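These notes concern the structure reproduced below.
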Amino acid sequence: MRIRGILAAAAVASLIVLASMLAAAAPASANQVWYHSISRASATAACPSSSQADLDAGWSPWASSWEQWSNSGKGGYVCSRSITWAYDEPAPVVTCTLIFEGQYVLLDPSGFFPDGTIVYGDELCSNAIDTANSELGFAFTDAGQSAADAICTAASPALDPAPYAYPVAGSLYICSFSD
């Protein structure tokens, strides 16, 4: 009878701790791992069985562990599980645009990138090798000279005379002052 009372008290304490954690928890954001633990009476006490619904929802199976918070902060045996919240939409794949041999940049949709933009040595933008160096920035377009001129002008509309695009190589242009 005494063991049943201890187990019931431990279960109630676990529910109170869990309820307070859930009430105070911030809303889940993308790719956030949530952990759920409950106290158990001893190292040999069994953990709950994971239901198929919980496993289908993404919870890991219950596993035995030891945590400091258990047993009024003295530490004790627990059963734990976790779930990873995922993005509602797939995370975008970041790829750089090849602007010159072995040089990549992240372009905005207009095709313009300003002075000081990080230049990468790989298409995943993970290896920074330099920064772009031009007073007015750069235009990148496959649509030719007039499109590049329009990109440079749109990036610096207050300049008089309007900037023009000076071809560097292929689709890469330096935005410069017209003469």
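The values are calculated or read from the model by the stated rules, or taken from the named source; none is laboratory data. Everything numeric here is computed off the predicted structure, so don't read it as measured data. FYI the Cβ positions are ideal-geometry reconstructions off the backbone, even for glycines, and counts take in every protein chain you see. Side chains are part of the model used for accessible areas, which takes the heavy atoms of the whole protein and leaves out ligands, DNA and RNA. Shrake-Rupley method; radii C 1.70, N 1.55, O 1.52, S 1.80 Å.
Could you check how many percent of all C-alpha pairs in the range 42-179 are farther apart than 25 Å? Provide the component values of the computation, followed by the final result.
Values: 5099 of 9453 pairs.
For the range 42-179, the fraction of Cα-Cα distances above 25 Å is 54 percent.
Hey, with R₀ at 22 Å, roughly what FRET efficiency would E101 and S126 work out to, going by the Cβ-Cβ distance, to 0.05?
0.75
If amide H atoms are built 1.01 Å from N in the plane of the peptide, which residues on other chains or at least 5 residues away come under 5 Å of the amide H of S70?
Excluding prolines and chain starts, which carry no amide H, the hits are G75, G76.
Mind ranking 151-159, 38-46 by how tightly packed they are, going by the mean number of other C-beta atoms within 10 angstrom, highest first?
For the peptides 151-159, 38-46, the packing ranking is 151-159, 38-46.
If you stretched the chain out fully between L55 and Q145, how much longer would it get, using 0.36 nm times the residue separation minus the C-alpha to C-alpha distance?
Gain in length upon complete extension: 26.6 nm.
Using protein chains only and a probe of 1.4 angstrom, how many square angstrom of F140 are accessible, to the nearest 10?
Only protein atoms counted, so the area is about 40 Å².
Using a 1.4 angstrom probe on the protein heavy atoms only, line up S126, S171 by accessible area, largest first.
Working: S126 95, S171 25 Å².
Output order, biggest surface exposure first: S126, S171.
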